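One structure below.
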Amino acid sequence: MKRILTIQDISCIGKCSITVALPIISAAGTEVAVLPTALLSAHTMFEGFTVKDLTDQIEPICSHWKKEGFRFDGIYTGYLANESQITAVKKVIDDFRNEQSLIVVDPAMADNGKLYPGLDMGFAEKMRSLCAEADIILPNVTEAAILTGTPIRQEYEADYIDLLLEKLSALGAKICAVTGVDFGGGVTGVCALHCGEKNRFEHRQQKLACSYPGTGDVFASTFMGAMMRGLSWTKALEIAAVFTARCIELTMADGKDQWYSVHFEQAIPFLLELMEKP
Ligand code: PXL
């Protein structure tokens, strides 16, 4: 069985980060090891959340792992709480990857035109250096603009996304995928560029009326799970988009608890159908 490592926070309440990655990637059939970088009482969209920074635990945990000789088939990083964690995570990637390991960086730091509470432009600048280590990066439109120093726009034409992809490709990842692209006319989706092959991919689907925190984590976890099953990167992006939309639909149908993130649990059987379909 393949084993990946995910490096992100544990938010005790409000499904995101590790509490999303573990169930989704496990359901997809891959073992998930975790390196928690911070412990939050709830994710940062809740008022008054507490944070315990776990940066000082990274070194002792990793030195034990080194003695055991662990290596991972994939490493997936998500929300990180500060710049020093980015430095530490780059070292973890170098120490625990092998030549075939898939490195997925979700630069989870902003949405809807704004950085998450507690993060600043220094953090965003440093995140560029983590993106350089990745096989694939999965920013949303706001994150892509911040990473590339492009003015943030809520309304745009196709050439804005082309520009973001072109500038992202200069960061050094092999594949850049921008999520949550608004194509206009009630259509949303993902636009991606394979930087070496100059191969462009787009997936479009109906835009749903609600958005929830943590959907980027559902997307990235689904992508990682699909890649570990050996699916192509384009198929993995498509499945991640379709599954995330199904989770949003189920949450909308429930109509409450919108700060808790999406009801991915009910959609796990659908995820397996998507992954098993030829
Ligand atoms: O990627 C979403 C996320 C992850 N972790 C924490 C967050 C958020 C989004 O708000 O606050 C702690």
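Listing for the model above:
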quantity	calculated
Selected residue [within 23 Å of PHE72 (Cβ to Cβ), more than 16 Å from the ligand (Cβ to nearest atom) and part of a loop (DSSP other than H, G, I, E, B)] from LEU231, LEU208	LEU231
Of all residues in the range 19-58 being of a type in the set (Asp, Glu) and not in a strand (DSSP E or B), the one that is farthest from the ligand (Cβ to nearest atom)	ASP56
Filtered residues of the range 1-18 (kept if under 13 Å from the mean Cα position of the chain (by Cα) and more than 10 Å from the ligand (Cβ to nearest atom))	THR6, ILE7
Verdict on THR179 being without any contact (Cβ under 8 Å) to a residue 24 or more places away in the chain and surrounded by 13 or more Cβ atoms within 10 Å (Cβ to Cβ)	no
Test for ALA81: is it closer than 30 Å to ILE152 by Cα, in a loop (DSSP other than H, G, I, E, B), within 14 Å of the ligand (Cβ to nearest atom) and modelled with pLDDT under 95	yes
Conditions (1) away from the ligand (no atom under 16 Å from the Cβ); (2) surrounded by 16 or more Cβ atoms within 10 Å (Cβ to Cβ); number of the one not met by ALA240	(1)
Residue check, ALA236 assigned to a helix (DSSP H, G or I), modelled with pLDDT of 95 or more and closer than 25 Å to LYS277 by Cα	yes
Residue within the range 59-75 that is away from the ligand (no atom under 11 Å from the Cβ), under 13 Å from ILE93 (Cβ atoms), surrounded by fewer than 16 Cβ atoms within 10 Å (Cβ to Cβ) and basic (Lys, Arg) present	yes
Within the range 184-205, considering residues that are in a strand (DSSP E or B) and more than 23 Å from VAL262 (Cα to Cα), the one nearest to the ligand (Cβ to nearest atom)	ALA192
Tabulated pairs, the range 89-106, first under 16 Å from MET227 (Cβ atoms), second among the small types (Gly, Ala, Ser) and not in a loop (DSSP other than H, G, I, E, B), C-beta under 6 angstrom, 6+ apart or interchain	SER101/GLY74; LEU102/GLY74; ASP106/ALA220
Residue within the range 46-62 that is in contact (Cβ under 8 Å) with a residue 40 or more places away in the chain and more than 23 Å from PHE243 (Cβ to Cβ) present	yes
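The values are calculated or read from the model by the stated rules, or taken from the named source; none is laboratory data. Bear in mind that the values here come from a model prediction, so they are computed numbers and not experimental data. Reconstructed Cβ throughout: ideal geometry from the backbone, glycine too, with neighbour counts over all protein chains shown.
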